[in-house]
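Some notes on the structure that comes next.
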Amino acid sequence: MRTLTHICSQRKFAPYPSFQIVYEWEDILARSLGLRINAPGEISNIFHRRFEKNGLTGLYHALLPSSSLGVRFIMTATTEELCWNNRNSIPVLIDFWLEEEDLPAFFKAYRHVPLMLVSNREVYDFLLAHNCPFPVEHWALSVPDSYLERLARPVEKKYDFCVFGRPNPFFLRLLEEYSRRHPDFEYILNNGEIENRCYMSNKGRFVAKDTGRESYLQMIAATRVSCYTTPGLDEAKAESSRYNQVTPRLFEMLSNRCHVIGHYPKNQDTEWYNLSSVVPNVSGYEEFEMQLDRMRGLPFDVGLATHFLLPHSTGCRAAELSQILSRYNIRLVNK
């Protein structure tokens, strides 16, 4: 029987905005499961990169002794053979943009891991259908438990509509048409600059500066309506055209009492979340206008959002992980 004792975190060398929610998940999982957080520094990265650069990754895996296991979140799956993907690591794949022809190299790159967790139900089914040679389980993304506390707090809405994250051309076209038909309507976009991000309205008005994670969440809390597109339908993100998983931005908007208008397909992941129960799906302007007219004057349904989010809290995912581990005879050890 093997033991899971820790989470291997990238927080010391990956301070990027997209990783912040990952570190929130790690903290909750550590508390819930009694795991410690190991956060290797740049020295470990340099050590591993030297093996990889010199074609010695195979030697590293051969010499590495078996020890206790650690969970490691992987932002994007690759076909590159890395030292981190070893016999003592349980990778959690968040984004997966690989094609069928990439699978042999992908399977080879992760062949040493004792178990892989995949966040996207669509990708999980895809891997099983192609005879994944190592154990793989579906373990979905989650909403940090503290966000449910935000959902319980009333907030003042200052803005009718704001687009969070990368502006999707599909919704931009709909917003432009809506504002043409409704001259009083003002919507907000971010300028897309990572280092100096700010929010501007379609009328050229400066609205706010994004100073980090909390200011981003506060901006959502001040917004009445936003839009949400799964990655495969995001016209501004060509590499993700194959898959359409539900992503944390949806959780961030709903937990801050923000109405959401969606554009997404019916697939294994959106069906698994029952996304249509909380986010109306639009395919064109008339549907969009109807939903936006309705939501601009509609109180947010806290009960509906709570019912949707609660089963997807990180605390619930911790309990699910414990059950998965028991099926593979992996024991949790509190250290």
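Tell me the net charge near Ala129. Cut-off is 12 Å between Cβ atoms, Ala129 excluded, with +1 for each Lys or Arg and -1 for each Asp or Glu. Overall, the nearby charge balance is -3.
Inter-label distance, Asn196 to Leu63: 4.7 nm, where each label sits 7 Å from its Cα along the C-beta direction. Which log10 I(q)/I(0) values, to two decimals, does the stretch 28-81 give at q = 0.29 Å⁻¹ under the Debye formula with one point per Cα? For the requested q values the scattering log ratios are -1.26. Looking at the P(r) of the stretch 145-311, how many percent of alpha-carbon pairs lie beyond 24 Å? Within the stretch 145-311, distances greater than 24 Å cover 32 percent of Cα pairs. Using every pair of separate Cα atoms, the Kirkwood estimate puts the hydrodynamic radius of the stretch 207-298 at 14.1 angstrom. The mean sequence distance of close C-alpha pairs (under 8 Å, at least 6 residues apart), as a share of the length of the stretch 145-311, puts its relative contact order at 24 percent.
Charge dipole of the chain (Cα centre as origin; +1 on each Lys and Arg Cβ, -1 on each Asp and Glu Cβ, all else neutral): 1120 debye, rounded to the nearest 20. Net length available on complete extension from Leu128 to Ala14 is 38.0 nm, with 0.36 nm assigned per residue and the Cα-Cα distance removed. The packing ranking, built from the mean of other Cβ atoms within 10 Å per residue, places the peptides 256-266, 170-180 in the order 256-266, 170-180, highest first. Straight-distance candidates among the aspartates and glutamates for linking to Lys203, with alpha-carbon spacing under 12 Å and chain neighbours fewer than 8 residues away dropped: Glu176, Asp184, Glu186.
The stretch 108-169 and the stretch 23-79 have Cα centres spaced 20 Å apart. When only the Cβ of Lys, Arg, Asp and Glu is charged (+1, +1, -1, -1), the dipole of the stretch 110-248 relative to its Cα centre reaches about 240 debye. Rounded to whole Å and sorted largest first, what semi-axes of the equivalent ellipsoid does the C-alpha gyration tensor of the stretch 48-174 yield via the square root of 5 times each eigenvalue? Sorted largest first and rounded, they come to 36, 19, 16 Å.
Taking a ≥ b ≥ c as the square roots of the eigenvalues of the alpha carbon gyration tensor, the stretch 116-181 is oblate, as a/c is not under 1.5 and a/b does not beat b/c. In the chain, the calculated helix contribution to ellipticity at 222 nm averages -11000 deg cm²/dmol per residue, counting -39,500 (n - 2.57) for every DSSP H run with n ≥ 4.
Placing +1 on each Lys and Arg Cβ and -1 on each Asp and Glu Cβ, with no other charges, gives the stretch 1-56 a dipole about its Cα centre of roughly 220 debye. When each of the peptides 313-325, 295-307 is scored by the mean number of other C-beta atoms lying within 10 Å of its residues, the order from highest to lowest reads 313-325, 295-307. Counted over all Cα-Cα pairs of the stretch 246-335, pairs farther apart than 16 Å make up 64 percent.
When the Kirkwood radius is taken over all Cα pairs of the chain, what Stokes-Einstein diffusion coefficient follows at 4 °C and 1.567 mPa s, in µm²/s? Estimated via Stokes-Einstein, D reaches 60 µm²/s.
Between Tyr285 and Asp301, full extension at 0.36 nm per residue minus the direct alpha carbon distance yields a gain of 3.3 nm.
Looking only at the stretch 293-335, which residues have a backbone nitrogen under 16 Å from a spot 7 Å from the Cα of Arg31 in the C-beta direction? Within reach of a label on Arg31, which here means backbone N under 16 Å from a point 7 Å along Cα→Cβ, the stretch 293-335 contributes 313-319.
Here's the picture: charge each Lys and Arg Cβ at +1 and each Asp and Glu Cβ at -1 in the stretch 148-253, and of Asn202, Leu233, Asn190 the one pushed furthest to the positive end of that dipole is Asn202.
No lab work stands behind these numbers, since they all come straight from the coordinates. It should be emphasised that the depicted structure is a prediction, and the values quoted were computed from it without experimental measurement. Don't worry about glycine lacking a Cβ; one is built from the backbone with ideal geometry, like all the others, and counts go over all protein chains shown.
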